[in-house]
Structure formats: C-alpha cells, structure tokens
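Below: one structure, written as structure tokens.
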Amino acid sequence: MFRKLTLLLFLVTGTTSCQKREAASNPGTTSVAAAASGPVRVVYIPKNTGNPYFNGVVAGLEKGCKELGAEFFTTGPANPDATSQIPFIKDQVQRGVNVICISPNSSDALNQVFDDARTRGIKVVTVNTDLVGNESHRDAAVYPCDFDTLGASQIELLGSLIHYEGRFAILSSTTDAPDQNYWIQGMKEALKNSKYTRMELVDIVYGDDKPQKSRTEAEGLLTKYPDLRAILAPTSVGIEQAAKAVEAAGVYPGGANARGRGVVVTGLGTPNQLRRYIKDNIITAVALWSPPDEGYVSAYVAVGLATDKITAQTGNSFDVPGFGRRGFGKNNLVIAGPPLIFTKDNIDQYNF
C-alpha cells in the first residue's frame, strides 16, 4: 500500500549546522541517531543543478542531517556529462568532507576519483543511481525503490494506458546515465512477455536532461512517427518536455489534432512538476517514488557510515525514524521504499 506523504521542500542556502535528535531503535538494529557524535560533514552532488527532481533529494538529506547533528551542503555541475562531477568531487575531498553522497553521471568514469577519496577515509554513498558493475568503488548505495523491477513496472503502466497496443518511443536523459540504461534494459526484457506482443518500441532518444533538447527530441518523435501511440520518459526533465510537446501539437488524447486515440505521455516525474498536465488531461498517470524519502534514508546511511555505527554489509540493518528497519542487500544496496503512481485522483496528496 502506498504511503501518503507530504514534505515541504526548502532551499539549501549554504553549509548548515544541524541539531541532533535521538531516535528510537528496534531490537537487533543500530540506532544511528543515538550514536552520531561530532560535526560529520555530508555533501550531496546531484547529476546536475537546475533539475527539479534533485530538490526533493536535497530536502530529505538536509532533514536527516539536521536530526543527526551533521552539517549538510550541496554542489554540482550545470550539465550531466559523464565526467562533469569529477572537479566537484576533487574539491570536496580537498575540503575534508566526511561523506560524499552523489548521483553519478557514469557507472565507470568516476572510479579513480572515488578511490582517491576513500583512501583518505571519505565514505562514498551513491544515491538514486549506482555504479552498476563497479560497485566496489563506493561504500554503499541508496535506491528510492527496487530498480530491478522498475523497468518492467514502467512497461506495465504504459501498457495499461494504451490498452497494450501501439508503437512507442523512449525519451531518456543521457546515453551514459547508468540508472536510465538499467531501467531501459528492464523495459526491453519486459517487452519479451507475450502480454506485450502488440506493443512496439520504435526508438530511443536522449534529451541529456536539458529542457530544450528534450523538447526538440520529443517533437522529432512526433514528426518521425505519425502513428506514434506513446512517449515513455523515465526522467523528470524528459517527461515534462514531452508533455509540453504533445500539448503544443494538440496530439494528446482528446486533443484537437489527436490521431486516433492520441499520444500518451508517461514515465517518471515529480507531482509538483506535472500537476498541471495531469489535471489538464495531458498526462493520465505517472510514476515515481518520494525523492525526500530517498534523501532522508541516505542521510542516515551516510552519517552511520561516517561514525562507524553502521557497517555496510549484506544482511546488516539499521533504524530510520518513520521508516522502521532498513537493511543492506546485495552490493550494499539500501531500498528506501515502494514507488508511487500519481493520477488526477491523488496528485494533490503529494507535495514534492
């Protein structure tokens, strides 16, 4: 059952000194809040600045760090290129942070700089995106939900919206994005199921998580495939721009220029970002998880590792207030919670 959650997003304006609050622990687990001591310094480096998705992650990290008495701040590159985060990582290493939380733009381009940071005792926690195939170069990872099933769940959501029939395209972020590539591979595997034999993936395009490029790619799909039934965009920038493209062209379901039943847009995006499109029937349903929840759990992982009160090892568990027990799975991966589906009926219940 999906948990109703409303969190107030607020801006991080610099290095914030936070207060410590005790949290209850369950038997057999570690209470990070009770164990944290000293000013642990946590930095979060998103894929790129200006992406509304990461505002929620920042809010959750800041909230968790405040509870744990840690200092938190965020910095990052303007563009989500494979190597754009390297100078920011090196700078934070020189500044002597205790934990680098990062949503990496590449699964292997950052390996050496992560190794250099860890030799200095800095913990590296990947958030939302992991170093798939290179997990040994970081200490732990936090996913917002189970990414092993996310690609398949996206295909099922799309199928339910187009009656399991029609041609569709994927609008992704960058060609190097490990999370996007992992989900897309899961989508391709899911399409082998006989349930989806009447659905055809005709193209995959990349908007680089840049609004204008994503919009251009979406418009290009509409032109290239006159019989296109849907655009599936598993990225918050891409889905918004796809919605704008079908709205401007009037080809959304019920639109003035809709061909047949119209072009469906779905994928992954935040409710605040997509609220108008859902209420105006441009988008019927969209999925995501709670970025603030993901950030909050990441804070407890980060501070716990920095204070040696948590050991990242498969089978180990720890407490997170309001979430209960969370544990380390394969490759020291922590799952924050289940995904959410936003529709016109429930979108006003969420604020992130």
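Summary table
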{"quantity": "Added length on full extension, which subtracts the Cα-Cα distance from 0.36 nm per residue, His163 to Ser136", "calculated": "5.5 nm"}
{"quantity": "For the chain, alpha-carbon Rg over 2.2 N^0.38 Å", "calculated": "0.99"}
{"quantity": "Rounded to whole Hz, the Karplus (6.51, -1.76, 1.60) HN-Hα couplings of segment 339-348, x for glycine and proline", "calculated": "x, 10, 10, 9, 9, 4, 6, 10, 4, 6"}
{"quantity": "Aspartates and glutamates whose Cα lies under 12 Å from that of Lys90, excluding same-chain neighbours fewer than 8 positions away", "calculated": "Asp115, Asp116"}
{"quantity": "Highest-MSF residue in the chain out of Asp209, Asp108, Asp91 [GNM, Cα springs under 10 Å]", "calculated": "Asp91"}
{"quantity": "Computed over segment 147-288, the ratio Rg/Rh where both radii use C-alpha atoms and Rh is Kirkwood", "calculated": "0.92"}
{"quantity": "Rough spin-label spacing in nm, given labels placed 7 Å along Cα→Cβ, for Gln94 and Thr175", "calculated": "3.2 nm"}
{"quantity": "Exposure proxy ranking, count of Cβ atoms within 10 Å, fewest first, for His137, His163", "calculated": "His163, His137"}
{"quantity": "Stretchable slack from Asn351 to Asn111, in nm (0.36 nm times residue separation minus alpha-carbon distance)", "calculated": "82.9 nm"}
{"quantity": "Thr197 paired with Asp280, simple spin-label distance in nm, labels 7 Å along Cα-to-beta-carbon", "calculated": "4.0 nm"}
{"quantity": "Theoretical gain in end-to-end length, Thr149 to Thr311 [0.36 nm per residue, Cα-Cα removed]", "calculated": "55.7 nm"}
{"quantity": "Mean Cβ neighbour count within 10 Å, used as a protection proxy, ranking 213-226, 282-295 highest first", "calculated": "282-295, 213-226"}
{"quantity": "Two-decimal Rg/Rh across segment 226-352, once Rg and the Kirkwood Rh are taken from alpha-carbon atoms", "calculated": "1.15"}
{"quantity": "In segment 301-343, the chymotrypsin sites (Phe, Trp or Tyr not before Pro) that fall in loop regions by DSSP, at most 15 other Cβ within 10 Å", "calculated": "Phe323"}
{"quantity": "Segment 81-159: trypsin sites (Lys or Arg not before Pro) falling in loop per DSSP and having at most 11 other Cβ within 10 Å", "calculated": "Arg120"}
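Read-outs: derived from the displayed coordinates by stated rules, not from any lab. Computed from a prediction, not measured in an experiment: that's the story for all the values here. All Cβ positions, glycine included, derive from the backbone under ideal geometry; neighbour counts span all protein chains shown.
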